[in-house]
Amino acid sequence: MPERLQKIISQAGIASRRDSEELIKAGRVKVNGVVVTELGTKVEPARDKIAVDNKLIRGEKPVYILLNKPRGIVTTLHDPEGRKTVASLLTDISERIYPVGRLDYNTEGLLIMTNDGELTHALTHPSHEIAKTYHAKVLGQPPEEKLDRLRTGIKLEDGLTAPARVNILEYDREKGLTTVEIVIFEGRNRQVRRMFEAIGHPVRQLKRVKFAFLTLAGLRRGSYRHLELAEVENLRNIALKK
């Protein structure tokens, strides 16, 4: 079935749909050896040879994975320090897929991985304000007035955060730790950890439990599943139609 050229490039993980359009307009894309600059050009992925910067791309089927990332895993495909990566957990996935955003080395929980560049770009773009829910075990008992600073936005070294939703779930008196549920709508580096550090209650354990409507229900630590078609369409409706 013919599909738009920019969609094929995006699904191959080369660039987002918008950036793929720029590649086409810049004359960096060839179809069957001929430069194509017209947006909306349709091609047959199984028949036509598509090259970006003279390198053939492989038309892979779209793959959408929901992974329950453990602690002590880096959210990259390769690590120069030799640490275990999320790619090592995807033992039977032949397509080259990429994380949608990141979870730091010591953060566990829900991570989406895909080769759909357009959807990745949409889900990680800050203007789309996709809700991400974390359970953070923080040192001490943060009072409501401090949590209110997170709810209204707190100034970090890279600027003011967007308002977050924050609720205390429980307090472990023996360990001196409070479990706090926090929902953020951005994706800055180590954002949740830095927010709690800013109010004087550093995070001791962090887990992402929800991304938009997706949860970890039925998924043990270190395992993954393919997203259902309806889930992918729901993500598209949330991110691409805004």
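Could you please let me know if residue 55 is free of Cβ contacts under 8 Å to residues at least 24 places away in the same chain and under 19 Å from the mean Cα position of the chain (by Cα)? Here the answer is no, as residue 55 does not meet what is asked. Checking each residue in the range 188-211 for being in contact with a His (Cβ under 9 Å, 6 or more places away or on another chain) and open to solvent by 40 Å² or more (accessible area, probe 1.4 Å) picks out 205, 207. Going by the conditions given, is residue 101 surrounded by fewer than 21 Cβ atoms within 10 Å (Cβ to Cβ) and on the phi > 0 side of the Ramachandran plot? It is true that residue 101 is surrounded by fewer than 21 Cβ atoms within 10 Å (Cβ to Cβ) and on the phi > 0 side of the Ramachandran plot. Please verify whether the range 27-40 includes one or more residues that are open to solvent by 50 Å² or more (accessible area, probe 1.4 Å), closer than 28 Å to residue 99 by Cα and in contact with a helix residue (DSSP H, G or I) (Cβ under 7 Å, 6 or more places away or on another chain). Within the range 27-40 (the criterion being open to solvent by 50 Å² or more (accessible area, probe 1.4 Å), closer than 28 Å to residue 99 by Cα and in contact with a helix residue (DSSP H, G or I) (Cβ under 7 Å, 6 or more places away or on another chain)), the answer is yes, since at least one residue qualifies.
Assess whether residue 114 counts as being open to solvent by less than 20 Å² (accessible area, probe 1.4 Å), within 20 Å of residue 215 (Cα to Cα), free of Cβ contacts under 8 Å to residues at least 40 places away in the same chain and not small (Gly, Ala, Ser). For residue 114, the condition - open to solvent by less than 20 Å² (accessible area, probe 1.4 Å), within 20 Å of residue 215 (Cα to Cα), free of Cβ contacts under 8 Å to residues at least 40 places away in the same chain and not small (Gly, Ala, Ser) - is not met. Looking across the range 159-187 at every residue that is under 24 Å from residue 130 (Cβ atoms) and open to solvent by 80 Å² or more (accessible area, probe 1.4 Å), the one that is farthest from the chain's Cα centre (by Cα) is identified as 169. For the range 52-69, the set of residues classified as surrounded by fewer than 18 Cβ atoms within 10 Å (Cβ to Cβ) and more than 15 Å from residue 13 (Cβ to Cβ) consists of 54 only. Of the residues making up the range 24-46, those that are under 26 Å from residue 232 (Cα atoms) and free of Cβ contacts under 8 Å to residues at least 40 places away in the same chain number 4. In the range 133-145, of all residues being buried (at least 17 other Cβ atoms within 10 Å of the Cβ) and in contact with a helix residue (DSSP H, G or I) (Cβ under 9 Å, 6 or more places away or on another chain), the one that is farthest from residue 191 (Cα to Cα) corresponds to 142. Criterion first (within 23 Å of the chain's Cα centre (by Cα), among the β-branched types (Val, Ile, Thr) and surrounded by fewer than 16 Cβ atoms within 10 Å (Cβ to Cβ)) does residue 76 satisfy it? Yes: the conditions hold for residue 76.
The values are calculated or read from the model by the stated rules, or taken from the named source; none is laboratory data. As the structure is a computational prediction, the values presented were derived from the model and not from experiment. Note that we place each Cβ from the backbone using ideal geometry, even for glycine, and neighbour counts take in every protein chain shown. Surface areas here come from the heavy atoms of the whole protein model, side chains and all, with no ligands, DNA or RNA. Shrake-Rupley method; radii C 1.70, N 1.55, O 1.52, S 1.80 Å.
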